[in-house]
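Notes follow once the structure below has been shown.
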There are 2 protein chains.
Amino acid sequence: MDHLENNTIIQIGIVVRDVEDAATRYAQIFGVPKPQIVAIAADSFANTHYRGQPSNAWGKAAFFDMGAVQLELIEPVGAPSTWEEFLRLHGEGIHHIAVRVEQLEEAQAFLAARGMPVVQSGGWDGGRYAYIDSVKQLGAMLELLKFDRETSRQ
Amino acid sequence: MDHLENNTIIQIGIVVRDVEDAATRYAQIFGVPKPQIVAIAADSFANTHYRGQPSNAWGKAAFFDMGAVQLELIEPVGAPSTWEEFLRLHGEGIHHIAVRVEQLEEAQAFLAARGMPVVQSGGWDGGRYAYIDSVKQLGAMLELLKFDRETSRQ
């Protein structure tokens, strides 16, 4: 692998203090239905690891389809997680941009070899993800998303 | 206007310290050509206003097409600007998400009435923009983009 498989951004993640409030405001301002608030990293598929150690932290999330890009609002619950860390250090803000990959381990190794290690990883019923500490190199955190099935979306 | 005209995200803006370095890394990691670095808010179209006052601050930018979304890397030059402020307060990171509007003034008024004022506005040869201080309400800064012509992209 001499570069990532694609450069298509499929998701933007925003860390907020109160996902109910934020989702209500997005729905009002953009004139779209308010999605159900769902738990992420909170089930038997999660297997969340943060900086190499297991973590029971999770999140409350709302997903909006904003054109070709999915917007994910995340309220951190518990610690440690990359979401909780971001909120504590930066306040509310845009946490990550996500690209889809087929070769998750290879992509992680490719980035780690260039100084961009995994900061958090885990899974859901439909795939696995890895957040990459790429802020120094790219000015933003990347998320790699590996879907088990063709049509899965996180 | 009881909501914005559309909810399609067309651009993500990332503030970086050195756009040459960041653009080189994006090109390498995603396997795409490195775009030319261009000056933004630096010509006779700019008419930049920051918090209501004229500003001569500008930026060096690189634009990448990442699927349906354009990624904009911005290195602030001079002050005051929302880019310089973001870099000073938060460090490098994702600065804004942008949506296209046809009714720029109406959209600004709609958001201002809900506690989300314009923080910076200006233009380029092809359209006008307004950055909205919507972090408290939406967890992220919005940019409104108004294109003069159908096919313009910033």
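The values are calculated or read from the model by the stated rules, or taken from the named source; none is laboratory data. Predicted, not measured: the structure shown is a model, and the values here were computed from it. When we count neighbours, we look across all protein chains shown, and the Cβ atoms used for this are built from the backbone with ideal geometry, even at glycine. These accessible areas exclude ligands, DNA and RNA; they are computed on the full protein's heavy atoms, side chains included. Shrake-Rupley method; radii C 1.70, N 1.55, O 1.52, S 1.80 Å.
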Next item on the list: Run through the DSSP bridge list for chain B and note the antiparallel percent, rounded to the nearest 5.
Entry: 75 percent
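Between chains B and A, what is the buried accessible area in Å², counting both sides, with a 1.4 Å probe and ligands, DNA and RNA left out, to the nearest 100? Show your work: numbers first, answer last.
Values: alone 8170 and 8160 Å², together 13070 Å².
About 3300 Å² of accessible surface is lost on pairing.
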Check: Just the accessible area per residue of region A:9-147, please: how many Å² with a 1.4 Å probe?
Finding: 39 Å²
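Decide, for region A:30-154, between rounded, prolate and oblate: order the square roots of the alpha carbon gyration tensor eigenvalues as a ≥ b ≥ c, take rounded if a/c falls under 1.5, and otherwise choose prolate if a/b is larger than b/c, else oblate.
Details: a/c = 1.32, a/b = 1.21, b/c = 1.09.
It comes out rounded by the Cα gyration axes.
Using helices alone, what [θ] at 222 nm do you get for chain A, with -39,500 (n - 2.57) per DSSP H run of 4 or more residues, divided over all residues and rounded to the nearest 500?
Details: 4 runs with 34 residues, N = 154.
Rounded to the nearest 500, the figure is -6000 deg cm²/dmol.
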Note to self: I'd like the accessible area for B:His49: 1.4 Å probe, protein heavy atoms, all chains in place, Å² to the nearest 10.
What the structure shows: 60 Å²
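Just the number, please: carbon plus sulfur as a percent of the accessible area of region B:9-147, 1.4 Å probe, no ligands or DNA/RNA counted. Can you show the working numbers first?
Values: 2630 of 5380 Å².
Result for region B:9-147: 49 percent of the exposed heavy-atom area is carbon or sulfur.
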Margin query: At a cut-off of 20 Å², which residues of region A:42-82 become less accessible once all protein chains are present than in their chain alone, using a 1.4 Å probe?
Written below: A:Met66, A:Gly67, A:Ala68, A:Val69
Next item on the list: Just give the residues from region B:23-41 buried by at least 50 square angstrom of accessible area in the all-chains context relative to the isolated chain, probe 1.4 Å, and say none if nothing qualifies.
Entry: B:Arg25, B:Tyr26, B:Ile29, B:Phe30
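Count the DSSP beta bridges whose two residues both fall in region B:11-79, then state the antiparallel fraction as a percent rounded to the nearest 5. Present the calculation step by step, with values, prior to reporting the outcome.
Details: 14 of 19 bridges.
Antiparallel: roughly 75 percent of the beta bridges in region B:11-79.
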Check: Using Cα atoms only, what is the angle between the long axis of helix B:19-30 and the major principal axis of chain B, expressed in degrees (0 to 90) to the nearest 10?
Finding: 80 degrees
Checklist line | Nearby aspartates and glutamates by direct alpha-carbon distance to B:Lys136 (threshold 12 angstrom, same-chain neighbours under 8 apart not counted) | finding: A:Asp18, A:Asp21, A:Glu92
Next item on the list: Starting from the amide H of B:Val69, placed 1.01 Å from N in the peptide plane, find each other amide H under 5 Å away whose residue is 5 or more places distant or on another chain.
Entry: A:Ile9
Check: Other chains' Cβ within 10 Å of B:131-138 residues: what's the mean?
Finding: 4
Check: With θ set to phi - 60° and the Karplus curve 6.51 cos²θ - 1.76 cosθ + 1.60, what are the ³J(HN,Hα) couplings of region B:39-55 in order, to the nearest whole Hz, using x for Gly and Pro?
Finding: 7, 10, 6, 10, 10, 5, 7, 5, 6, 5, 10, 10, 6, x, 10, x, 9
Checklist line | FRET efficiency, 1/(1 + (r/R0)^6) with R0 25 Å, evaluated for A:Arg149 and A:Asp2 via beta carbons | finding: 0.35
